[in-house]
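Just below is one structure, and these are the notes that go with it.
The values are calculated or read from the model by the stated rules, or taken from the named source; none is laboratory data. The model shown is predicted, which means the values in this text are computed figures rather than measured ones. Quick reminder, even Gly has a Cβ in these numbers, built from the backbone with ideal geometry, and neighbours come from all protein chains shown.
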Amino acid sequence: MSTTTTAVINLDVPGPTISRHVYGHFAEHLGRCIYGGFWVGEDSDIPNEGGIRLDVVEALRALSIPNLRWPGGCFADDYHWRDGVGPREDRPRMVNSHWGDVVEDNSFGTHEFMKLCELLGAEPYVNGNVGSGTVREMSEWVEYLTRGDDSPMASLRREHGQDEPWKVPFFGIGNEAWGCGGNMDAQHYASLARQYGTYVRNHGENQVYKIAAGANVDDYTWTETLMKALSCLGCSRTPNNFFQGLSLHYYTHTGPWEDKGDATSFTREEYYLTMKRAARIEELVRGHAAIMDCYDPERTVGLIVDEWGTWWNVEEGTNPGFLYQQNTLRDALVATVHFDVFHAFADRVAMANIAQTVNVLQAMILTDPDSGALVLTPTYHVFEMNTGHHDAQQLPVHLKGDLPTREVEGSALNLLSASASTKGDTALVSLSNLDAEGPRTVVLDLRGRAVSAFSARLLGASDIQAHNTPEVPDAVAPVLHTGIRTHALGLEVDLPAHSYVTVSLELA
Ligand code: AHR
């Protein structure tokens with residue numbers, strides 16, 4: 001039976017801007033993300049530019065990726081950038097201890113990454129090494145990347161074929177310092193972040209937005225310690241001398257760490273549990289943001305959710321250290337739930353990076369290791385459908401009437417998730433029906449501005465486990481949605497069970 005909910009949206013009362021950077025990405029030297037995913041090498045039969053796969057680049061360009069985080073993750077604190085510059089044949093090799101214990105030949109390094117960013121039209125977010133690197137090494141990397149004169153590192157870059165300095169707007173001061181990035185306690189890392197951050201300098205016109213390695217999940221003590229140690233309320237320097245962003249990592253899985261759940265084979269109860277876990281991002285963002293508010297009431301420091309997404313057991317037969325998993329309609333809804341929260345907290349969440357872009361965890365693209373065939377995942381389509389939210393102004397959505405919920409693990413899971421934004425004379429409304437059992441009709445009570453035209457797109461499938469493969473690439477792909485009509489209050493939208501709908505409005 002279909003039931004009705006009303007979503008009140010004041011089109012003329014926009015809130016803060018939703019930074020396009022919440023649609024950021026993450027590419028680590030992990031499994032087949034870089035090697036085989038982005039990078040095939042110049043001699044490959046797969047069409048490439050300087051070794052970078054052009055089919056992957058072309059597909060990702062439709063997402064308008066705003067920034068790309070690299071080289072890790074855990075790999076970042078093992079990575080020594082000097083090993084990845086200069087002639088490829090001379091580059092030293094290393095062991096990628098975190099991810100499969102494989103030998104890394106460093107053929108994809110700084111220049112290749114910057115070329116990839118250029119091809120994607122994405123801004124680089126480079127993550128430095130605190131765990132096993134030196135202050136000097138980090139400082140010199142930034143000099144190498146961004147300095148324009150004849151300084152030692154700028155000259156070295158020129159020797160390696162790049163005359164002009166690059167722009168590097170985002171730089172991470174280590175990663176997961178509480179774990180793979182050095183197993184530090186918060187106070188120790190805070191001191192190191194101050195030290196390392198001091199030497200991450202602005203060269204020429206390049207202004208670096210420094211991101212300190214933040215908390216895992218609900219480690220509020222970590223956030224509090226970092227904010228206290230780094231923001232220096234009441235002293236003469238501004239809160240953002242040492243850093244401008246503080247990260248947060250949160251992954252969605254249903255089982256314990258050792259057995260996180262299967263990517264494609266799950267029960268309805270596991271589906272709802274997944275949605276419950278995904279919705280927890282709201283509690284986490286709210287909690288960390290509240291602590292940040294105490295030390296940074298002006299909200300000058302961004303909460304950077306630079307690792308998020310689903311983490312399932314690896315696909316059978318694949319290297320357990322490569323974190324390769326399929327991606328279903330369930331994953332797409334995990335993404336829509338996250339974006340609704342990032343939109344709602346637009347005044348604090350300055351950036352977010354899904355883990356990861358190709359072939360690892362909740363990927364946009366899966367490539368076949370043998371044939372090279374490329375598949376766009378359901379999550380890819382959410383990113384594409386949401387490009388209209390990039391740098392748009394948030395519009396609060398007030399839900400009223402019949403608000404569907406379901407009890408999961410002893411508390412209520414909201415089965416309807418929504419957000420909206422406006423840019424100029426347009427608006428975009430996102431509606432997720434998380435109910436796997438039934439459709440829902442939502443009335444959009446649109447106030448403040450007249451709507452001159454509307455259209456809707458639907459991402460759904462008859463089966464919540466539906467996913468795309470080389471054989472059936474469009475099992476989950478957006479279609480024009482005809483279940484939308486005018487209503488006395490604005491519009492009326494039908495949401496099939498377990499579906500995502502975007503409504504585009506032209507405003508008079
Ligand atoms: O994204 C995979 C890994 O998850 C990252 O390398 C690490 O930072 C996190 O634990």
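A few points about this structure:
- Among the residues of the range 292-318, the ones that are touching a strand residue (DSSP E or B) at 6+ places or on another chain (Cβ under 7 Å) and either within 16 Å of the ligand (Cβ to nearest atom) or more than 22 Å from Val341 (Cβ to Cβ) (or both) come to 8 in all.
- Selection status of Gly100, over 24 Å from Ala190 (Cβ atoms) and at pLDDT 95 or above: yes
Okay, residues lined up against (1) under 19 Å from Gly490 (Cα atoms); (2) surrounded by fewer than 24 Cβ atoms within 10 Å (Cβ to Cβ); (3) within 16 Å of the ligand (Cβ to nearest atom):
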| residue | (1), (2), (3) |
| --- | --- |
| Pro369 | no, yes, no |
| Leu374 | no, yes, no |
| Leu399 | yes, yes, no |
| Asp402 | yes, yes, no |
| Thr405 | no, yes, no |
| Val408 | no, yes, no |
| Ser421 | yes, no, no |
| Ser432 | yes, no, no |
| Gly438 | no, yes, no |
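- Hits in the range 177-189 - residues which are of a type outside the set (Gly, Ala, Ser) and in contact with a Gly (Cβ under 8 Å, 6 or more places away or on another chain): Cys180, Tyr189
- Residues that are of a type in the set (Ser, Thr, Tyr) and modelled with pLDDT of 95 or more were ranked within the range 344-381; the one that is nearest to the chain's Cα centre (by Cα) is Thr357.
- Condition broken by Ala215, with the remaining ones in (1) under 18 Å from Pro71 (Cα atoms); (2) touching a strand residue (DSSP E or B) at 6+ places or on another chain (Cβ under 9 Å); (3) buried (at least 18 other Cβ atoms within 10 Å of the Cβ) satisfied: (1)
- For beta carbons closer than 6 Å, sequence separation of 6+ or different chains, a first residue in the range 304-322 that is in contact (Cβ under 8 Å) with a residue 40 or more places away in the chain and a second that is in a strand (DSSP E or B) and among the charged types (D, E, K, R), the qualifying pairs are Asp306/Arg69.
- Residue within the range 458-479 that is outside any loop (DSSP other than H, G, I, E, B) and over 28 Å from Phe345 (Cβ atoms) present: yes
- Residues that are within 19 Å of Arg32 (Cα to Cα) and touching a strand residue (DSSP E or B) at 6+ places or on another chain (Cβ under 8 Å) were ranked within the range 80-99; the one that is nearest to the ligand (Cβ to nearest atom) is Asn96.
- The strands (runs of 3 or more DSSP E) found entirely in the range 1-99 that carry 2 or more residues being out of contact with any helix residue (DSSP H, G or I) (no Cβ under 7 Å at 6 or more places or on another chain) and within 30 Å of His343 (Cα to Cα) are 4-10, 24-26.
- Tallying residues that are more than 16 Å from the ligand (Cβ to nearest atom) and at positive phi within the range 160-212 yields 2.
- Going through (1) without any contact (Cβ under 8 Å) to a residue 60 or more places away in the chain; (2) assigned to a helix (DSSP H, G or I) one by one, Gln195 falls short only on (1).
- Top-ranked residue in the range 382-406 [being modelled with pLDDT under 95 and part of a loop (DSSP other than H, G, I, E, B); ranked as nearest to Ala363 (Cα to Cα)]: Pro404
- Enumeration of residues in the range 243-260 that are away from the ligand (no atom under 16 Å from the Cβ), crowded, with 20+ Cβ neighbours inside 10 Å and not polar (S, T, N, Q): Phe243
- Meets criteria (basic (Lys, Arg), part of a loop (DSSP other than H, G, I, E, B) and touching a residue at least 40 places away in the same chain (Cβ under 8 Å)) for Arg330: no
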